[in-house]
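Quick notes on the structure that follows.
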Amino acid sequence: MAAGAAGLAYSVGFEARSFRLRRVTVPVLPPGMHPLRVLQVSDIHMVGGQRKKQRWLRSLAGLRPDFVINTGDNLSDPEGVPEVLDALGPLMEFPGAYVFGSNDYYGPKLRNPARYLLERTSGRHGLNGNAPAVGAIHNPWEDLRDGFDEAGWVNLTNTRGALKIEGVSIELTGLDDPHIKRDRYAKVAGGPTESYDFSLGVVHAPYLRVLDAFTADDYPLILAGHTHGGQLCIPFYGALVTNCDLDTDRVKGLSTHTAEGRTSYLHVSAGCGTNRYTPVRFACPPEATLLTLVPRS
């Protein structure tokens, strides 16, 4: 009991607020292209009063990335929109794009953490096999969208967008959250457009149907979040759940995905927040990631 209490105190009081920067190099650009530095932020789950998290997010602007990708779940509090926009304000000075996750649309509900294990064993996650939510709190996601759009960030909700970075044209193909069945890949299918120098896929939850579609369409890189890296992990073993149908070996960090004879790089961010009702992390610190994209060999 003492060990359990100590672990809980560490998870809540220290690790959940021990923000880290992950650095990853990904060889995906066409030969001869200048490297690009992409900052991915995900799963902020902002709750009012989280000053340390807000200061840390603002400090990331000092990295001066070429562009920013926000892979959703910014909120865990219906009143959190102003604090999210304030914390991301310095980053919104850079080109960027975003998709939303389920927690941007709906407020969190108290639930038994053991249900994540049950959902894993039964193959049911989110609305993918579970009954629709009843009495869900609707978050003011429109205000969040308007703030991002006003800053010039590209909305990738089941659509394509583009950025121009120092003469390099980048195509971004995004989906709404598969966890609540809002993804509509048919609207963006067809693969990268040849007129762009580089293309990548963006989605909140890395469900296999989405990864298969992006990979089969030959996107060299897919960015996702949602998993929280497992959130509660076992040292020297890893994550127990991913909260989707992705395997636990790829719950966070850089990996690859293969479909129809093609292979894409996949980066899943462990995110920098938690659901407000389970504010714990163990063996899985909160993070953002600076990806340096370099030419393929």
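The values are calculated or read from the model by the stated rules, or taken from the named source; none is laboratory data. All of these numbers come straight from a predicted model, not from anything done at the bench. Note that each Cβ is placed from the backbone with ideal geometry, even for glycine, and that neighbours are counted across all protein chains shown. Only protein heavy atoms, including side chains, enter the accessible area calculation; ligands, DNA and RNA are left aside. Shrake-Rupley method; radii C 1.70, N 1.55, O 1.52, S 1.80 Å.
A few points about this structure:
- Scanning segment 246-297 for residues that are acidic (D, E) and within 16 Å of the chain's Cα centre (by Cα) turns up just one, E287.
- Residue in segment 129-152 that is assigned to a strand (DSSP E or B), of a type in the set (K, R) and open to solvent by 50 Å² or more (accessible area, probe 1.4 Å) present: no
- All positions within segment 281-297 that are surrounded by fewer than 19 Cβ atoms within 10 Å (Cβ to Cβ) and closer than 20 Å to Q54 by Cβ: P285, L290
- Here A2 passes the criteria (1) at pLDDT 95 or above; (2) more than 18 Å from the chain's Cα centre (by Cα); (3) aliphatic (A, V, I, L, M) except the one numbered (1).
- Check on R160, open to solvent by 60 Å² or more (accessible area, probe 1.4 Å), closer than 16 Å to V99 by Cβ, in contact with an Asp or Glu (Cβ under 9 Å, 6 or more places away or on another chain) and not in a strand (DSSP E or B): no
- Qualifying positions in segment 206-222 - over 22 Å from T25 (Cα atoms), among the hydrophobic types (A, V, I, L, M, F, W, C) and open to solvent by less than 10 Å² (accessible area, probe 1.4 Å): V210
- Any hit, segment 106-123, residues being of a type in the set (S, T, Y), at pLDDT 95 or above and closer than 30 Å to R37 by Cβ: no
- Of G238, G225, G253, all but one fail to be crowded, with 22+ Cβ neighbours inside 10 Å, modelled with pLDDT of 95 or more and not aromatic (F, W, Y); the exception is G225.
- Some residue of segment 189-202 being at positive phi, outside any helix (DSSP H, G or I) and open to solvent by 30 Å² or more (accessible area, probe 1.4 Å): yes
- Filtered residue count, segment 256-273, keeping only those that are closer than 26 Å to A61 by Cα and open to solvent by 20 Å² or more (accessible area, probe 1.4 Å): 1
- Residue, nearest to H226 (Cα to Cα), within segment 102-121, restricted to residues that are surrounded by 11 or more Cβ atoms within 10 Å (Cβ to Cβ) and among the small types (G, A, S): S102
- Cβ-Cβ contacts under 6 Å between residues 6 or more apart (or on different chains), taken from a first residue in segment 70-81 that is open to solvent by 10 Å² or more (accessible area, probe 1.4 Å) to a second residue that is at pLDDT below 95 and of a type in the set (G, A, S), are listed as D77/G48; P78/G107; E79/G48.
- Near pairs, Cβ below 6 angstrom, 6+ apart or cross-chain, from segment 19-41 (open to solvent by 60 Å² or more (accessible area, probe 1.4 Å)) to any residue that is in a loop (DSSP other than H, G, I, E, B): R20/P285; R37/P65; R37/D66
- Every residue from segment 112-126 that is assigned to a helix (DSSP H, G or I) and without any contact (Cβ under 8 Å) to a residue 12 or more places away in the chain: A114, R115, L118, T121, S122
- Enumeration of residues in segment 84-101 that are open to solvent by 10 Å² or more (accessible area, probe 1.4 Å), part of a helix (DSSP H, G or I) and free of Cβ contacts under 8 Å to residues at least 60 places away in the same chain: D86, E93
- Selection of segment 241-250 for residues being open to solvent by 60 Å² or more (accessible area, probe 1.4 Å) and not in a loop (DSSP other than H, G, I, E, B) yields only D249.
- Residue selected from segment 163-183 under the condition in a strand (DSSP E or B) and not hydroxyl-bearing (S, T, Y), by the criterion nearest to the chain's Cα centre (by Cα): G174
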